[in-house]
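The values are calculated or read from the model by the stated rules, or taken from the named source; none is laboratory data. Please read all numbers here as calculations on a predicted model, not as lab measurements. Note that each Cβ is placed from the backbone with ideal geometry, even for glycine, and that neighbours are counted across all protein chains shown.
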Amino acid sequence: MVVTGEASGDLHGANLIRAAQRLDPQLTFFGVGGEQMAAAGCEIIIPGKTISVMGIVEVIGHFPIIWRTFQHLRKILQGEQRPDLLILIDFPDFNLRLAAVASKLGIPVLYYVSPQVWAWRRGRVKSIAKVVDRLAAILPFEPPLYAGLDIDVEYVGNPLTDQVQISEERQTFLQRLAIPADVPVIGLFPGSRGTELRFNLPTLLATARVVLKEHPRTHFLVPAAATLGAESIRAAIAVAGGADLPLTIVEESVYNVANASDAVLAVSGTVTLQVALVGTPLLIIYRVAPLTYAIGKRLIKVPFFGLPNIIAGQEVAKELVQDAADPEVLGREMNLILSDPAHAAALRQGLALVREKIGPGGCSQRVALMAIEMSRGQVRRKGQAC
């Protein structure tokens, strides 16, 4: 069983499933995910987007469906169709509770993508170690955080390293979308959750208007995450008063969109790392409900919130959160990138540090090997002697 509630987890799950089935074609997968996992051969029993929500306040409104999903999965784990292995991908608030159920039932648990214990609630490592058998970490500084605990933690590299593929060059890509190749192009990446869209899209659109004052020929590309779809984004743009903007909503490879853009303004998330690996100059924003932000500000103590900056250990992409994400400020930053080639080149050079820190590829293959070993019973269960 594979469970994830996010677009990035759906992508990682799909690549893991393909890698595992190449190694052992007899393996079968089912669980909670999206279109990409389904295309990889996973039987989706519940769409991940039904439980995908970010923020303390936002979760309250979605609690009934989240609870029903959890109870449904609990019954499967307790029943005759219980899996040989439970693979949980990110989505910690939901997945760690499911891990506790599986652990009590003696079902091995492989957790892929460590919860961000380095950002807040570091004491969670102890509770994670109690319910998870093996953890595949995708950030190089994470394994030491679990030192001395009864859990096997391995840095497996980052799955995005294997996925970076630019299949269409900029000029061809823009030509197909009927966008002149000589105009400035900016990518507006609104996130993969409905709540992210609601709180961040107006800021993206307002920033676009600031850019157009100085660069009136600019065209904007808005990639649609699979968890939202183009129609949802188109409707949200209309509601936010952005239907008149020169923008194109695309259901294309994130890497092709980033490569075709002179700069990207993105809502914080996995997509910011995808853009960084392409090397496109990047600004990162994040807005949530005011109460969620007020609580989070007191709980989360990290110097950066954007993945590229966390991995690089320095600010290689400017990040602005909540009220600091002002369209005038963002617009000036974007205009500087478009107007100053030396500044844009310096930003690209900084992003190169991200790829260097991540290291070599092969992540999905490594996690697939872990999954196969565990599905065959090659894992020490909690309480067993070494």
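Numbers below:
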quantity	calculated
Filter result for L174 (touching a helix residue (DSSP H, G or I) at 6+ places or on another chain (Cβ under 7 Å) and farther than 30 Å from I138 by Cβ)	yes
Residue check for V239: surrounded by fewer than 24 Cβ atoms within 10 Å (Cβ to Cβ), in contact with a Leu (Cβ under 8 Å, 6 or more places away or on another chain) and of a type in the set (V, I, T)	no
The lone exception for T292 - which of (1) without any contact (Cβ under 8 Å) to a residue 40 or more places away in the chain; (2) of a type in the set (S, T, N, Q); (3) in a helix (DSSP H, G or I) it fails	(1)
Residues that are under 16 Å from the mean Cα position of the chain (by Cα) and either without any contact (Cβ under 8 Å) to a residue 40 or more places away in the chain or not in a loop (DSSP other than H, G, I, E, B) (or both), drawn from region 234-263	V254, Y255, A258
Residue, surrounded by the fewest Cβ atoms within 10 Å (Cβ to Cβ), within region 196-207, restricted to residues that are within 25 Å of F173 (Cα to Cα) and in contact (Cβ under 8 Å) with a residue 60 or more places away in the chain	T207
Top-ranked residue of region 223-233 - restricted to ones that are in contact with a helix residue (DSSP H, G or I) (Cβ under 6 Å, 6 or more places away or on another chain) and either of a type in the set (S, T, Y) or outside any loop (DSSP other than H, G, I, E, B) (or both), ranked as surrounded by the most Cβ atoms within 10 Å (Cβ to Cβ)	P223
Residue that is farthest from L105 (Cα to Cα), among those in region 353-386 that are modelled with pLDDT of 90 or more and small (G, A, S)	G362
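Residue by residue, here is whether (1) surrounded by fewer than 18 Cβ atoms within 10 Å (Cβ to Cβ); (2) more than 21 Å from P223 (Cβ to Cβ) holds:
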{"residue": "A260", "(1), (2)": "no, no"}
{"residue": "S268", "(1), (2)": "no, no"}
{"residue": "A276", "(1), (2)": "no, no"}
{"residue": "T280", "(1), (2)": "no, no"}
{"residue": "Y286", "(1), (2)": "no, no"}
{"residue": "T292", "(1), (2)": "no, yes"}
{"residue": "P303", "(1), (2)": "yes, yes"}
